[in-house]
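Before any comments, here is the structure.
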Amino acid sequence: MAQAVELVMVEREGCHYCIEWKADLGPIYPKTAEGAYAPLRIVDIKDAPPEGIAFDRKILFTPTFVLVDEGQELARIEGYPGEDFFWGLLTMMLKDNTDFENGAKTN
């Protein structure tokens, strides 16, 4: 069952950028305001989309980070642009599509 707001990371076995994201940001993500607001769910590309979630279009690249609310896609980041760019893109995506700018609330 999908939570209110989630970040779904779609990965592929052996994906270098998926491994890099998980090593660099995976341990940090749940401790951030963004992670508290949009908990992470990781799924394999061959299993995507997970039950209860609808993507607007097919996932072609890994990793792809899909912001969903009540199971519906709001926005996505395709690829891992590196730690510095990832946080800026994620924050912008949250502010543009949710009430995140009003403070990090938990689901």
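The values are calculated or read from the model by the stated rules, or taken from the named source; none is laboratory data. Quick caveat: nothing in here was measured; it's all calculated off a predicted structure. Positions of Cβ are backbone-derived with ideal geometry, glycine not excepted, and every protein chain shown enters the neighbour counts. For accessibility, only protein heavy atoms count, side chains too; no ligands or nucleic acids. Shrake-Rupley method; radii C 1.70, N 1.55, O 1.52, S 1.80 Å.
Could you work out the relative contact order of the chain? I mean the mean sequence separation of Cα pairs under 8 Å and 6+ apart, divided by the number of residues, in percent.
35
Simple point charges give the picture: +1 on the Cβ of Lys and Arg, -1 on the Cβ of Asp and Glu, and for the chain a dipole about the Cα centre of about 100 debye. Counting only DSSP H runs of at least 4 residues, each contributing -39500 (n - 2.57), and dividing by the residue count of the chain, the helix-based mean residue ellipticity at 222 nm comes to -8000 deg cm²/dmol. Applying both filters, DSSP loop and at most 11 other Cβ atoms within 10 Å, to the GluC sites (Glu not before Pro) of the stretch 19-107 gives E51. In this label model, K46 and M92 are separated by 3.5 nm, measuring between points 7 Å along each Cα→Cβ vector. Our coupling estimate for the stretch 34-43, obtained by passing each phi through the Karplus curve with A = 6.51, B = -1.76, C = 1.60 and θ = phi - 60°, is 5, x, 5, 6, 10, x, 8, 10, 9, 10 Hz, Gly and Pro reported as x.
Sequence-distant contacts, meaning Cα pairs under 8 Å at least 6 residues apart, place the relative contact order of the stretch 4-56 at 51 percent. Between T32 and R57, the C-beta separation translates, for a Förster distance of 25 Å, into a calculated FRET efficiency of about 0.35. What a 1.4 Å probe finds exposed on the stretch 43-107 is 48% carbon and sulfur by accessible area, rounded to a whole percent. Separation of the stretch 10-27 from the stretch 33-74 is 15 Å, based on Cα centroids. Compared with the rule-of-thumb size 2.2 N^0.38 Å for a compact globular protein, the chain has a Cα radius of gyration ratio of 0.97.
Quick one: accessible area per residue over the chain, 1.4 Å probe, rounded to a whole number of Å²?
55
Considering only L67, G26, A54, and ranking their Cα positions along the charge dipole of the stretch 1-79 that arises from unit charges at the beta-carbon of Lys, Arg, Asp and Glu, the one farthest toward the positive end is G26.
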